[in-house]
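Asks: First, the structure itself, so that you have it in front of you.
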Amino acid sequence: MEQSMVDVCNMALLRGAVEEGPAFSHENHGRTFDRFTLGVRRLSGVLDRVHVIAEHGLLEGISLREGATVEVEGQIRSFNNRSGQGRRLIITVYATRISLSREEPENRVFLRGRICREPVYRRTPLGREICDLMLAVERPYGRVDYLPCILWGSLARMAADCPRGTGLWLWGRLQSRTYIKQLETGSEERTAFEISAVTAETVDL
């Protein structure tokens, strides 16, 4: 992640252990993509399980067996899964570089985009300040990724005062959490992904 931040809107660097090995994901314009799950341990011991999408050729020659430590550089991507009941925002990491590694776990994300929904400020049951927002991050060729972000403490108060359309950059980490979704047919365990900000500032875009 040595590239200048001036021209970067979306960059992620993750290092962790392979939880599930590569399997076919999809084809697009004659290119084949595989998917695997990466487990990245936080300092607190909590494990974030992240889904990685990579072009098949990028994985050739790399033994992504379960338990192998892998470093992934790429971008956070989103799409709406319209199968099943309602829409679900699917968050993945689109890999541009993958290599085996022996270094410690790493989880760093840089985003620059616009707030596309009114931020939601609240307090946790323990009294911590938190703000949820959706950041629209542009890709080349007019595509946009919609990425859920959370900010804490003073960052939460800052974000709560930002109207929709405000430009924002942030450093943080991509994290996962499980929750129970109540459906007409019963309950279902699901996993949500969000970028937890470590630092953030408003910016002119």
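The values are calculated or read from the model by the stated rules, or taken from the named source; none is laboratory data. On a predicted model such as this, the values are computed, not experimentally measured, just so you know. All Cβ positions, glycine included, derive from the backbone under ideal geometry; neighbour counts span all protein chains shown. Note: areas computed on protein heavy atoms with side chains; ligands, DNA, RNA excluded. Shrake-Rupley method; radii C 1.70, N 1.55, O 1.52, S 1.80 Å.
Asks: Based on the alpha-carbon gyration tensor of region 114-158, what equivalent-ellipsoid semi-axes (square roots of 5 times the eigenvalues) come out, in whole Å, largest first? Write out the running numbers ahead of the final one.
Replies: Working: eigenvalues 138, 13, 11 Å².
So the three semi-axes of region 114-158 are 26, 8, 7 Å.
Asks: Then there is this: Give the percent of DSSP beta bridges with both residues in the chain that are antiparallel, rounded to the nearest 5.
Replies: 95 percent
Asks: Mind checking which of Phe193, Phe36, Phe24 has the largest fluctuation in a GNM of the chain, springs on alpha carbons under 10 Å?
Replies: Among Phe193, Phe36, Phe24, the largest mean-square fluctuation in the Gaussian network model of the chain belongs to Phe24.
Asks: Another question about this same structure. Scanning the chain for GluC sites (Glu not before Pro) in DSSP loops with at most 11 other Cβ atoms within 10 Å, what's the longest stretch left with none? Walk me through the numbers before you get to the answer.
Replies: Working: sites that count: Glu2, Glu60, Glu103, Glu184.
Counting at most 11 other Cβ atoms within 10 Å as exposed, the longest clean stretch of the chain is 104-183.
Asks: Would you tally the net charge around Leu168, using a Cβ to Cβ cut-off of less than 15 Å, leaving Leu168 out, and scoring K and R as +1, D and E as -1? List each step's numbers first, then the result.
Replies: Working: positive: Arg112, Arg114, Arg117, Arg157, Arg164; negative: Glu118, Asp132, Glu138, Asp145, Asp161, Glu194, Glu201, Asp204.
Charge balance in the 15 Å sphere: -3.
Asks: Here's another thing I want to ask about it. Tell me, Kirkwood radius of the chain from alpha-carbon pair distances, in Å?
Replies: Kirkwood radius, the chain: 18.0 Å.
Asks: Another question, then. Using only the Cα atoms of region 44-162, construct the convex hull and provide its projected area averaged over every direction, in square nanometres to one decimal.
Replies: Working: hull surface 42.3 nm².
Spelled out: convex hull of the Cα atoms, projected over all directions, averaged, 10.6 nm².
Asks: Still on this model: Over the chain, what is the relative contact order in percent, taking alpha-carbon pairs closer than 8 angstrom and at least six residues apart?
Replies: RCO, the chain: 18 percent.
Asks: Identify which of Arg122, Arg15, Arg41 has the largest mean-square fluctuation in a Gaussian network model of the chain, with springs joining Cα atoms closer than 10 Å.
Replies: With Cα springs under 10 Å in the chain, the top fluctuation among Arg122, Arg15, Arg41 is at Arg122.
Asks: OK, next. How compact and how long is region 104-205, expressed as Rg and Dmax of its alpha-carbon atoms in Å?
Replies: Expressed in Å, the Cα Rg and Dmax of region 104-205 come to 14.8, 46.
Asks: Pop a pseudo-label 7 angstrom from the Cα along the beta-carbon direction at both Glu106 and Leu43 and give the gap in nm to one decimal.
Replies: Modelled inter-label distance: 1.7 nm.
Asks: Around Phe36, with a cut-off of 10 angstrom between Cβ atoms, what is the net charge of the other residues, counting Lys and Arg +1 and Asp and Glu -1? Write out the running numbers ahead of the final one.
Replies: Values: positive: Arg35; negative: Glu19, Glu20, Asp34, Glu66.
With Lys, Arg at +1 and Asp, Glu at -1, the net is -3.
Asks: So what is the accessible area of region 58-151 per residue, in Å², with the probe set to 1.4 Å?
Replies: Details: 5540 Å² over 94 residues.
Result: 59 Å² of accessible area for each residue.
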